[in-house]
Amino acid sequence: MMLSGVLAMGMAAAGCGGDAPPDDTRTQAMSAEHAAFEAEQQRWRRQRVETLTLPDGWTSLIGLHWLDPGPHYLGSDADNGIVLGAGPAHLGMIELRAGTLRFVPEAGQALTLDGEPLAGSVTLRADDEAAGPSVIGFDEGKGLITVLKRGDRHALRVKHADAATRTRFKGLDYWPADPGWRIEGRFVAHPPGTTLPIGNIIGTLDETPNPGVVEFEKDGQPFRLEALDEGDGRLFLVFADLTSGHESYGAGRFVYADAPTPEGRVVVDFNRAYNPPCVFTPFATCPLPPLENRLELAVTAGEKKYDPNVSR
């Protein structure tokens, strides 16, 4: 009787829980996969904040000064033609003539050019040149000035590590990370040399390399996003959606996707959709979503609107 009782109990246990080990294994595997996904997203978010708040990151912008032809004195004193938000009272003189920019430093100022001591007048490179823009450093490197070119216009972009937008940065807010927003799509290439006119926040249009379109589905519905090429092999997607102007920034968001496979497979992780620099500073020149990239879809993933009055 004791043996039969034990066998009966064993059979009952087998009948009730015989499938438990495989189910447990699947559950554990799914839990481990989700934990890895969550950890990956948190790493990306930390890196996003670290990059954004670097001493020369986007939150350090303190000025964008458009240049008319001719000479302009610059510095933090009100008697300059270009008044800087920080730094020495008188920094020097910059002259725009026939598309060329010359800078003459104020005598006695400890300035640098591309990290080296600056002693005399120099010709400055703009950001459209292959070597990148010249960088004038002041305030022992906390302040940086570069030259932008947008269309046929030039501007001085000024950064400072002590910018209030950096020192009082409040943190970012996100929708919960969701594997369902990591979507596999299909890349369809355009003919080589295709460009797309992309407007920006300052009202100009730039013909931007447009290598192809990303096609994907969400909740059984098809969608398309025109991709831009910034020269690093990735696909740059500038989009707006039904959350824009509500839970997310009104002028849209950015997301990158790795280069597609030879078969055209591409993965867009909307959990990594993020705000353009214009959210944090009025001194950025951000691209806007083309009409083709205004989705009839609420992308409830990635970065939400930034609120400078609420700490995260």
> Restricting the search to segment 173-192, which residues are touching a strand residue (DSSP E or B) at 6+ places or on another chain (Cβ under 8 Å), more than 23 Å from ASN271 (Cα to Cα) and in a loop (DSSP other than H, G, I, E, B)?
Replying inline: HIS190
>> Just to check your reading of the model, which residue among ASP139, ASP178, ASP152 is surrounded by fewer than 19 Cβ atoms within 10 Å (Cβ to Cβ), closer than 20 Å to ASN275 by Cβ and among the acidic types (Asp, Glu)?
In response: ASP178
> Tell me, which strands (runs of 3 or more DSSP E) wholly within segment 34-147 include 3 or more residues that are more than 26 Å from ARG168 (Cβ to Cβ) and more than 27 Å from the chain's Cα centre (by Cα)?
Replying inline: 70-75, 92-97, 100-105, 116-118
> Is there any pair with a first residue in segment 87-114 that is touching a residue at least 40 places away in the same chain (Cβ under 8 Å) and a second that is crowded, with 19+ Cβ neighbours inside 10 Å and among the polar types (S, T, N, Q) whose Cβ atoms are under 9 Å apart and which are 6 or more apart or on different chains, and what are they?
Replying inline: LEU101/SER134
>> Given the criterion surrounded by fewer than 18 Cβ atoms within 10 Å (Cβ to Cβ), more than 17 Å from ALA189 (Cα to Cα) and not basic (Lys, Arg), identify the matching residue among PRO290, PRO222, PRO276.
In response: PRO222
>> Just the residues that are among the charged types (D, E, K, R), more than 24 Å from ARG157 (Cα to Cα) and open to solvent by less than 40 Å² (accessible area, probe 1.4 Å), please, taken from segment 25-78.
In response: ARG45
> Taking the stated definitions as given, is ALA227 aliphatic (A, V, I, L, M), farther than 30 Å from TYR73 by Cα and exposed (fewer than 14 other Cβ atoms within 10 Å of the Cβ)?
Replying inline: no
> Looking at (1) in contact (Cβ under 8 Å) with a residue 24 or more places away in the chain; (2) closer than 18 Å to THR51 by Cβ; (3) open to solvent by 10 Å² or more (accessible area, probe 1.4 Å), can you tell me which one ALA284 breaks?
Replying inline: (3)
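The values are calculated or read from the model by the stated rules, or taken from the named source; none is laboratory data. Just so you know, these numbers come straight off a predicted model, no measurement behind them. Reconstructed Cβ throughout: ideal geometry from the backbone, glycine too, with neighbour counts over all protein chains shown. Side chains are part of the model used for accessible areas, which takes the heavy atoms of the whole protein and leaves out ligands, DNA and RNA. Shrake-Rupley method; radii C 1.70, N 1.55, O 1.52, S 1.80 Å.
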